[in-house]
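Colleague: Okay, here's the structure, questions in a sec.
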């Protein structure tokens, strides 16, 4: 199992609009692609002094599944134009980690 982790930052004024875009358009669009091996996405939000940080954590069965989502350069960030318009800055590359253990209660 692979976790794909990405960070983006918005102004406080754009934070709610960005979260709404993610939840109601971008995430649903990803789900609608029915990518083989895609297991879901988490959204994390953190208020900072001057901006708001967002982290997405996507789960895939394998790096091949990540490539189906992101393309051959699978580390490249996938940031649609509507999202870019709301972000102050963002990671140009995503990080990928192999999930080695998970404890569920």
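The values are calculated or read from the model by the stated rules, or taken from the named source; none is laboratory data. Values in this document were obtained by computation on a predicted structure and should not be read as measured data. Cβ sites come from the backbone with ideal geometry, for glycine too, and all protein chains shown count toward neighbours.
Colleague: Regarding the range 81-88, can at least one residue be identified that is modelled with pLDDT of 95 or more, in contact with a strand residue (DSSP E or B) (Cβ under 8 Å, 6 or more places away or on another chain) and under 17 Å from residue 33 (Cβ atoms)?
Modeller: yes
Colleague: What is the residue count in the range 92-105 for residues that are assigned to a loop (DSSP other than H, G, I, E, B) and surrounded by 16 or more Cβ atoms within 10 Å (Cβ to Cβ)? Let's see the steps before the verdict.
Modeller: Let us first name the residues in the range 92-105 that are assigned to a loop (DSSP other than H, G, I, E, B), namely 92, 94, 99-105.
Filter once more, keeping what is surrounded by 16 or more Cβ atoms within 10 Å (Cβ to Cβ): 94.
Summing the residues that are assigned to a loop (DSSP other than H, G, I, E, B) and surrounded by 16 or more Cβ atoms within 10 Å (Cβ to Cβ) in the range 92-105 gives 1.
Colleague: Identify, please: which residue in the range 30-68 is part of a helix (DSSP H, G or I) and touching a residue at least 40 places away in the same chain (Cβ under 8 Å) and is, among those, surrounded by the fewest Cβ atoms within 10 Å (Cβ to Cβ)?
Modeller: Residue satisfying both the conditions and the ranking: 63.
So that you can scan it fast, the table gives a plain yes or no per residue for (1) part of a helix (DSSP H, G or I); (2) within 15 Å of the chain's Cα centre (by Cα); (3) surrounded by fewer than 18 Cβ atoms within 10 Å (Cβ to Cβ):
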position	(1), (2), (3)
6	no, yes, no
14	yes, no, yes
20	yes, yes, yes
23	yes, yes, yes
27	yes, yes, yes
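Colleague: Let me ask another. Go through (1) touching a strand residue (DSSP E or B) at 6+ places or on another chain (Cβ under 7 Å); (2) at positive phi for residue 71 and report which single condition fails.
Modeller: Going through the list (1) touching a strand residue (DSSP E or B) at 6+ places or on another chain (Cβ under 7 Å); (2) at positive phi, residue 71 breaks only (1).
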